[in-house]
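Working notes, structure below.
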Amino acid sequence: AAGASSATSARWSRPPRPAKMFGQFLSKLVPIARAEDAEEAPAAPPPPPKKTKKANLASLSAEELEELKKEVVEEAIKKLGLEGEGLEEFLEPELVTAPFDPRFPNRNQARHCFVRFNEFHKCAHERGEDHPRCVFYQRAYQSLCPSEWLENWTELREKGLWTGKY
């Protein structure tokens, strides 16, 4: 039993820590800065904070707000390079989609898109693209159809491979 206890204690005892070896290894990797080795450089004091009065939008008068708005809009116009009608379209885009059509009551509007595309080209062939009804069909298919489909369909029309009559 005495031999068993000594074997158990030997099995569970910790090996000695090589603290000196680790310290030597670490000192080789990370040099320790000594006061005599370091050159003393006076630290520059941080610059004093600038005392600028920032105007809050709430603290501005109505006239100052209008002036600030004009400046911002003028700067945006210069950066974007918009003038005249391009500016009006940019500021107030017309968002119109096709109205409800009882022929297409389902959520999936793919067929509706296809029919409006064909209706536009039929109308443009019969009445011209500038006719109000044709413009309506054009806006309808442009708002309903994905751009990839439209590119593909116009390419097919140009090649003469379109399945429709017009």
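The figures follow:
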| read-out | value |
| --- | --- |
| Matching residues, segment 104-123, being farther than 15 Å from C145 by Cα and either in contact (Cβ under 8 Å) with a residue 40 or more places away in the chain or surrounded by 18 or more Cβ atoms within 10 Å (Cβ to Cβ) (or both) | K122, C123 |
| Failed condition for Q142, given (1) free of Cβ contacts under 8 Å to residues at least 12 places away in the same chain; (2) over 13 Å from A98 (Cβ atoms); (3) under 36 Å from the mean Cα position of the chain (by Cα) | (2) |
| Per-region count, segment 124-147, residues more than 26 Å from R107 (Cβ to Cβ) and open to solvent by 40 Å² or more (accessible area, probe 1.4 Å) | 9 |
| Given (1) surrounded by 10 or more Cβ atoms within 10 Å (Cβ to Cβ); (2) modelled with pLDDT of 85 or more; (3) of a type in the set (D, E, K, R); (4) farther than 19 Å from N152 by Cα, number of the condition D101 does not satisfy | (2) |
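The values are calculated or read from the model by the stated rules, or taken from the named source; none is laboratory data. Since the structure is predicted, the reported quantities are computational estimates derived from the model, not experimental observations. Quick reminder, even Gly has a Cβ in these numbers, built from the backbone with ideal geometry, and neighbours come from all protein chains shown. What goes into the accessible areas is simple: the full protein's heavy atoms, side chains included, and nothing from ligands, DNA or RNA. Shrake-Rupley method; radii C 1.70, N 1.55, O 1.52, S 1.80 Å.
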